[in-house]
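Right, one structure below, let's go through it.
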Amino acid sequence: ISGAELDLNVLAQPVTLLVGVLFIIARSAGKYYGAAFSCKLTGQPKSITDHLGITLLPQAGVALGMAITAASLPDGALARNVVLFSVLVYELVGPALTKRSLLAVGEIKPEGRTSARQENKA
């Protein structure tokens with residue numbers, strides 16, 4: 001429902017697409033390097049320092065609320081579309097990147113190839 005207002009045709013507009021991509025790059029870099037900087041300041045292990053920022057990438061709830069607010073402003077359609085585009089991208093790749101990072105630092109164990117149905121066949 002949240003992406004229902006995103007008109008994918010606006011992404012064909014070069015300005016919207018460029019601003020959206022720049023927003024994604026800037027936000028990702030800020031999350032990654034900000035987390036790495038704070039990890040170094042607090043003496044965290046290198047594995048945590050290298051992966052914490054990636055786990056901060058998914059976004060949705062607050063960003064969607066801000067997009068709705070921005071849409072009511074003059075020329076707010078661009079801001080709304082950029083935020084909705086970034087939420088779409090982050091929610092598609094964010095969970096997979098978070099899982100990969102959590103596996104890399106040993107916070108979760110690999111799932112393997114067995115399904116619950118095979119394990120419960122007794």
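Out of the residues in segment 1-36 that are out of contact with any helix residue (DSSP H, G or I) (no Cβ under 7 Å at 6 or more places or on another chain) and outside any helix (DSSP H, G or I), which is modelled with the lowest pLDDT? Of everything passing the filter in segment 1-36, I1 is modelled with the lowest pLDDT.
With a requirement of 1 or more residues that are modelled with pLDDT of 85 or more and under 12 Å from the mean Cα position of the chain (by Cα), the helices (runs of 4 or more DSSP H) lying completely within segment 37-122 that satisfy it span 46-55, 76-104.
The values are calculated or read from the model by the stated rules, or taken from the named source; none is laboratory data. Worth saying up front: this structure is predicted, and the values here are computed from it rather than measured. Here Cβ is always computed from backbone atoms with ideal geometry, including for glycine, and neighbour counts include all displayed protein chains.
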